[in-house]
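Peer 1: Would you mind keeping the following structure in view while I ask a few things?
Read-outs: derived from the displayed coordinates by stated rules, not from any lab. Just so it is clear, the model here is predicted, and its values are computed rather than measured. Here the Cβ positions follow ideal geometry from the backbone for every residue, glycine too, while neighbour counts run over all protein chains shown.
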Amino acid sequence: MKTGSLSEYAAHAGVSPAYVTKLKQAGRVVMVKVDGRDRVNFEMTDRLVVNTTDMSRARNGANAKPAPPAVPPSSDEPTPSGAASMVGGGVSGGNGGADMVFRKAQAQERVFAAKTAELTYRQKAGELVEKKTVERTVFDAFRSLRDQAFQAPQNAAARTIGMGDAREIERVIAEELRKAFDTWEKKMAERLAMVKGSAS
């Protein structure tokens, strides 16, 4: 996977850095995390730009074909009801209008496919995790911490029966709390490893 800065991608694509900045603002640049820094994924961005070019043109009307001029009826031919609105201006919408709608729909489909491919890639790279998985992991983590925290006083009480030294009692309580947090930390690490594995 080739990555780089916005200016490096501009050199790669043969365009100006300002143009790449506009692409990013339009959501047409795929950014990934590399060593904690935001970098441009060259391959995915190339594909996204190509797949969304038609939509940009369609919005500007560049791809729309003009409707063919309407031929007015001859003077000796009767004019059908509603035909007057067709003379000189062509049929409302015409083939050009239908063609533009089709092209927009086609371009939007390509954008959706490109975005889906981006999400799939980022999920396999471990950058994205399903919301339900995260919510379940957080819930389990706090429940485990709660259980360990409530267990610590019980364990400490059993060990401090008969003790008269306050500092010794405090030491036992701190020791039990430390054990509880250590156990929770290990379980949390295991859960995070499972979440990361499910994302790849």
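Peer 1: Using a 7 Å offset from the Cα along the Cα-to-Cβ direction at both residue 131 and residue 174, what is the distance between the two label points in nm, to one decimal?
Peer 2: Between residue 131 and residue 174, the simple spin-label model gives 4.4 nm.
Peer 1: Which of rounded, prolate or oblate describes the stretch 131-199 when judged by the alpha-carbon gyration tensor and an a/c cut-off of 1.5?
Peer 2: It comes out prolate by the Cα gyration axes.
Peer 1: Between residue 115 and residue 141, what FRET efficiency comes out of the Förster formula 1/(1 + (r/R0)^6) with R0 = 30 Å and r the beta carbon distance, rounded to 0.05?
Peer 2: Rounded to the nearest 0.05, the efficiency is 0.45.
Peer 1: At a Förster distance of 35 Å, what's the computed FRET efficiency of residue 194 paired with residue 157, Cβ-Cβ distance as r, to 0.05? Intermediate values should be presented prior to the final figure.
Peer 2: Numbers: r = 34 Å, r/R0 = 0.97.
Here the calculated transfer efficiency is 0.55.
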